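Engineer: Have a look at this one.
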Amino acid sequence: MREWKTVPFYGIAKPKQVVNCQDRELLSVYLGKGVVPFSSQTAKRTNVTSTDLSKYQAVDYGDFVLNNQQAWRGSVGVSKHHGIVSPAYIVLALSNDISNDYANYLFQSRSMVDKYVVCSKGVGSIQRNIYWDYLKRVNLFLPPTCRTRPNCTFS
């Protein structure tokens, strides 16, 4: 029987910053929903979308996206969409060593959200920015049945 593997976050995720993709759909990251099309949300918005989308970052299916200022609350997700997100977000390309479903389950789990708090700095308890330089050192646990298996699901 194979055992679970421990890897640092940077072992399965790499930051990406692809810009000038204004023709893509605008996406956002919401607590409890993950990465969704911005247009699908009808709730009152507190932030205004810029008219200049040239600095917005490309997101591809399977990328992990963190709302930089709200990750500590759990506003993160693995994208099931192609689009663009705010330049303030963190976009990470995931390796094939972790399935999208397991990654989404793991990254939204309470234990990971607790790690986002530790990897964030800010003023007070509401305005906190997460830092990749801290997060990349967090150890992740990968089950043997889900590495390189795209159909492995968790709920």
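Please treat every number below as a calculation from the coordinates, not as lab data. Quantities reported herein were computed from a predicted structural model and do not represent experimental measurements. Methodologically, a virtual Cβ is constructed for each residue, glycine included, from the backbone with ideal geometry; neighbour enumeration extends over all protein chains shown.
Engineer: Would you list which aspartates and glutamates come within 19 Å of Lys5, measuring only between C-alpha atoms, while excluding same-chain residues fewer than 8 positions from it?
Structural biologist: Lys5 reaches Asp97, Asp101.
Engineer: Dipole of segment 5-142, Cα-centred, from +1 at each Lys and Arg C-beta and -1 at each Asp and Glu C-beta, to the nearest 20 debye? Present the calculation step by step, with values, prior to reporting the outcome.
Structural biologist: On the way: 16 positive and 9 negative charges, 86 e Å.
In total the dipole reaches around 420 debye.
Engineer: Counting only DSSP beta bridges with both residues in segment 5-142, tell me the antiparallel percent, nearest 5.
Structural biologist: 95
Engineer: Continuing with this model, one more query. No solvent, one uniform scatterer per C-alpha: report log10 I(q)/I(0) for segment 5-142 via the Debye equation at q = 0.12, 0.21 1/Å, two decimals.
Structural biologist: -0.44, -1.36
Engineer: For Phe141 and Val7 in the same chain, what is the full-extension length gain: residue separation times 0.36 nm, less their Cα-Cα distance, in nm?
Structural biologist: Result: 47.6 nm gained on full extension.
Engineer: Express in nm, to one decimal, how much length is gained between Lys33 and Asn20 on full extension, taking 0.36 nm for each residue of separation and deducting their alpha carbon distance.
Structural biologist: That works out to 2.1 nm of additional length.
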